[in-house]
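Chemist: Provided herewith is a single structure, encoded as structure tokens, for subsequent inquiry.
The values are calculated or read from the model by the stated rules, or taken from the named source; none is laboratory data. As the structure is a computational prediction, the values presented were derived from the model and not from experiment. Positions of Cβ are generated from backbone atoms using ideal geometry, with glycine treated the same way; all protein chains shown enter the neighbour counts. The protein model used for the area step is the full one, side chains on, heavy atoms only, and it has no ligands, DNA or RNA in it. Shrake-Rupley method; radii C 1.70, N 1.55, O 1.52, S 1.80 Å.
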Amino acid sequence: MIVCKFGGTSVQDAEAVRRVAGIIKARLKDKPVVVASAMGKTTNGLLQAAETAARGKRQEALDLLGKIRERHYRETQKLLAGSAQEAVLEALGTHFKELATLLKGLAILGELTPRSMDAVASFGERFSTLILTEVLRAGGIAAELMDARQCIITDDNFTRAAPLFDLTDAAVREHLLPSIKAGRVPVLQGFIGSTRNGITTTIGRGGSDYSASLVGAALDAYDIQIWTDVDGIMTTDPRMVPEARRVKVISFDEAAELAYFGARVLHPATIVPAVRKKIPVHVLNSYKPEQEGTLITDEARPCENPVKAIAYKKGITIVNITSTRMLMAYGFLRKIFETFELHKTSVDVVSTSEVSVSLTLDDISKLWDVVTELRKISEVNVDGGKAIVCCVGDNLRNIPGLAHLVFTAVQDVNVHMISQGASAINISFVIDEDRLPHAVRSLHDVFFQKLDPNIFE
Ligand code: ADP
Ligand code: ASP
Ligand code: MG
């Protein structure tokens, strides 16, 4: 059994959906389970409509919804004919009516809770899988539309709910195994789940990758395939550096580190369930299905290049905290981290001096609550507009002269924070966001002049 996950661009229009059907058809002997994202940018559109409604702009919100509806109707009409088309249009129509009612409710309430955001956002994946299932059936594949909310059971931290592994494992098996055993192809929504009480949740933006690996681990799949719009994991984001090359094979640890530090090609949590069951993950290009993509695996293969890939994260804020009363008295760090924990704000890079601590955040939604609390015990200043750059490679810590290479490449860039050693496979630093393209390109030039042909293509 394998899991095939298709991202937003891979189901963005009729042509892409047809390509996906071809990919699944060619893999029927592997007993695929299909996980799909919303059609490209639908989630953004839905959330925008919800925000607009909550600002009281009812008609504007309904117009935004109208655009999403037109798109789904149009692509359905291109993909399906006759009674199959009618059935899908009718089901979509019912969903869109429900959504319109929801938006009108938000306009009356004038507020948008995380729970309502999830209720609205969940429709994107429900639309795309509804269409995809019917297209597979029209192509002679015994596809069965499943409800991921019965399979992915999460806590109630809406908009970034955490899956409850044991309950999810059991629910995935209970709902999917009968279908697979009967020779059918289950199709389920990425990104969405529900609480134990059946309230719809989402597991964080880009979370469909994570859904796929949760399903793969629960079913003991022998391969988890992440089908996307690039050739695999590349030496850096090809949108930033068009010369980026494909990494043929990479370890779970390296891939997890890249994802955590911003390589959007994988959701940061994707690797966790795969590691638990040692299931290989393939990242593949749905536009070029014949290519081999990237294999993410348990074993680290020797590589002549010290760095495998460079990730970056924009929109980073540095918080500098200076102790006012004491020189690093014990308990100071604990108090700081407790404050971040209390406000559910996670910290990426940390560095300390005798009396001060600097750390970086990418989620600043609770920043002012955190700062207010910390100001009771320290001086705090906040510096936004930063970016983290992260070089990842097996055993970087033990390569003499590596820091020299990295910082020579960015010698004309002001570096605010540096972190190395927390993990042996990463060296990361923080710079001004406007210097990011230059820094990433320079590093890429330095580390990927020559490529080990066993690892890169
Ligand atoms: P999907 O909709 O299939 O989930 P995403 O847009 O979430 O696709 O992720 C794919 C994108 O990730 C690529 O288009 C690319 O711009 C970006 N990306 C960032 N870093 C990397 C990297 N190291 N390798 C490949 N893609 C990357
Ligand atoms: N549709 C969701 C998003 O846009 C999940 C995903 O694409 O993985 O974030
Ligand atoms: Mg994605």
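Chemist: Being in a strand (DSSP E or B) and touching a Leu at 6+ places or on another chain (Cβ under 9 Å) is the filter here; which residues of segment 343-385 pass it?
Modeler: VAL347, ASP348, VAL349, VAL350, SER351, THR352, VAL357, LEU361, VAL380, VAL382
Chemist: I'm trying to understand the selection: among the residues of segment 434-457, which are in contact (Cβ under 8 Å) with a residue 60 or more places away in the chain, farther than 19 Å from GLU254 by Cβ and open to solvent by 60 Å² or more (accessible area, probe 1.4 Å)?
Modeler: Correct list: ARG441, LYS450.
Chemist: Something else: I'd like the residue in segment 204-230 that is away from ligand 3 (no atom under 11 Å from the Cβ) and open to solvent by 10 Å² or more (accessible area, probe 1.4 Å) and, out of all such residues, is nearest to the chain's Cα centre (by Cα).
Modeler: So, considering only residues that are away from ligand 3 (no atom under 11 Å from the Cβ) and open to solvent by 10 Å² or more (accessible area, probe 1.4 Å), the one nearest to the chain's Cα centre (by Cα) is GLN225.
Chemist: Something else: Within the set of pairs 6 or more residues apart or between chains, which connect a residue that is at positive phi inside segment 200-228 to a residue that is within 14 Å of ligand 3 (Cβ to nearest atom) with Cβ atoms less than 8 Å apart?
Modeler: Correct list of pairs: GLY204/TYR210; GLY204/HIS267; GLY204/ALA269; GLY206/ARG264; GLY206/HIS267.
Chemist: When the residues of segment 25-37 are filtered to those that are buried (at least 24 other Cβ atoms within 10 Å of the Cβ) and among the aliphatic types (A, V, I, L, M), which remaining residue is farthest from ARG184 (Cα to Cα)?
Modeler: ALA36
Chemist: Then there is this: Just to be sure I understand, how many residues within segment 1-19 are more than 21 Å from ILE68 (Cα to Cα) and either open to solvent by less than 10 Å² (accessible area, probe 1.4 Å) or more than 12 Å from ligand 1 (Cβ to nearest atom) (or both)?
Modeler: Residues flagged as more than 21 Å from ILE68 (Cα to Cα) and either open to solvent by less than 10 Å² (accessible area, probe 1.4 Å) or more than 12 Å from ligand 1 (Cβ to nearest atom) (or both) within segment 1-19 amount to 5.
Chemist: Considering segment 342-354 alone, what residues qualify as being of a type outside the set (Ser, Thr, Tyr) and more than 15 Å from SER365 (Cβ to Cβ)?
Modeler: ASP348, VAL349, VAL350, GLU354
Chemist: A further question on this structure: What tally of residues in segment 234-254 results from selecting those that are closer than 17 Å to VAL389 by Cα, in contact (Cβ under 8 Å) with a residue 12 or more places away in the chain and in a loop (DSSP other than H, G, I, E, B)?
Modeler: As a first pass, look at segment 234-254 and keep what is closer than 17 Å to VAL389 by Cα: 234-241, 244, 254.
Checking the rest, the ones that are also in contact (Cβ under 8 Å) with a residue 12 or more places away in the chain come to 234-237, 240-241, 244, 254.
Subsequent filtering for residues that are in a loop (DSSP other than H, G, I, E, B) retains 235-237, 240-241, 244.
Number satisfying all stated conditions: 6.
Chemist: Something else about it: Restricting the search to segment 202-224, which residues are assigned to a strand (DSSP E or B) and within 19 Å of LEU145 (Cα to Cα)?
Modeler: Within segment 202-224, THR202 is the sole residue that qualifies.
Chemist: While we're on this one: Looking at segment 255-273, which of its residues are touching a residue at least 60 places away in the same chain (Cβ under 8 Å) and either under 17 Å from GLN291 (Cβ atoms) or within 11 Å of ligand 1 (Cβ to nearest atom) (or both)?
Modeler: LEU258, PHE261, GLY262, HIS267, THR270
Chemist: I've got another one for you. From (1) at pLDDT 95 or above; (2) surrounded by fewer than 24 Cβ atoms within 10 Å (Cβ to Cβ); (3) touching a helix residue (DSSP H, G or I) at 6+ places or on another chain (Cβ under 7 Å); (4) farther than 28 Å from ILE399 by Cα, pick out the condition that doesn't hold for THR270.
Modeler: THR270 satisfies every listed condition except (2).
Chemist: Something else about it: How many residues are touching a Ser or Thr at 6+ places or on another chain (Cβ under 8 Å), among the small types (Gly, Ala, Ser) and more than 14 Å from ligand 2 (Cβ to nearest atom) if we restrict to segment 15-49?
Modeler: Of the residues in that region, 0 qualify.
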